[in-house]
C-alpha cells in the first residue's frame, strides 16, 4: 500500500513546528535521503555515527544553532528550535514506529518535504536566513 494518511498530529507538527525551523538546505537534504532510500537516514536513534541520523538530526545538521553538534543535534534542534519534546514528537514517534523501510510513510514524507520546498520557492521564502520560531506567524502550538 503506497497511500497513507498519518494522524493529523503528524501533519500539524510537520507544518507548524518542523518546517518553520528547517533551513532550505535541510529540506533539500531530507528529500535527497528519502529519494535515495539512503542508509544515512535512520529510525530508532537520533544519531548512530555521523552522518547517520534521524529526520530531526539531518535537519539539525543544517541549522546554524545546531550544525556544530554531533549526536545531540536532533535533540537540541527539536527542543530549542522547534520547541518540541524529543520524547513526544509525533513525527519522530511515527517515524520510529514505522521505520525508514515503510515505503508508504517515506512517500508521504517525500511529498510533504517537496511541497514545503515548492511553497517556499513560490512565495519567495526560499533562501531566507534563520528566523527565530516566534517570528513565524504560522507557527502555533500543536
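At pLDDT below 90 and either assigned to a loop (DSSP other than H, G, I, E, B) or farther than 19 Å from residue 10 by Cα (or both): is that true of residue 39 in this structure? Quick ask: steps written out before the conclusion?
On the way: at pLDDT below 90: yes; either assigned to a loop (DSSP other than H, G, I, E, B) or farther than 19 Å from residue 10 by Cα (or both): yes.
Yes: the conditions hold for residue 39.
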Residues that are touching a residue at least 24 places away in the same chain (Cβ under 8 Å), touching a strand residue (DSSP E or B) at 6+ places or on another chain (Cβ under 7 Å) and surrounded by fewer than 20 Cβ atoms within 10 Å (Cβ to Cβ), drawn from region 60-97: 71
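Does region 10-32 include one or more residues that are modelled with pLDDT under 75 and either within 20 Å of residue 79 (Cα to Cα) or in contact with a helix residue (DSSP H, G or I) (Cβ under 6 Å, 6 or more places away or on another chain) (or both)? Even if it seems obvious, please write down each step before you answer.
To start, the set of residues in region 10-32 that are modelled with pLDDT under 75 comprises none.
Looking for residues that are modelled with pLDDT under 75 and either within 20 Å of residue 79 (Cα to Cα) or in contact with a helix residue (DSSP H, G or I) (Cβ under 6 Å, 6 or more places away or on another chain) (or both), one finds none in region 10-32, hence no.
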Search result, residues across region 53-82 that are more than 11 Å from the chain's Cα centre (by Cα), in a loop (DSSP other than H, G, I, E, B) and over 15 Å from residue 24 (Cβ atoms): 65, 66, 68, 69, 70, 71, 72
Residues satisfying the stated conditions in region 47-70, i.e. in contact with a helix residue (DSSP H, G or I) (Cβ under 8 Å, 6 or more places away or on another chain), farther than 17 Å from residue 14 by Cα and modelled with pLDDT under 85: 47, 53
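The values are calculated or read from the model by the stated rules, or taken from the named source; none is laboratory data. Note that the structure is a prediction, hence the values are computed from the model and not measured. Using ideal geometry, Cβ is built from the backbone for each residue, glycine included, and neighbour counts are taken over all protein chains shown.
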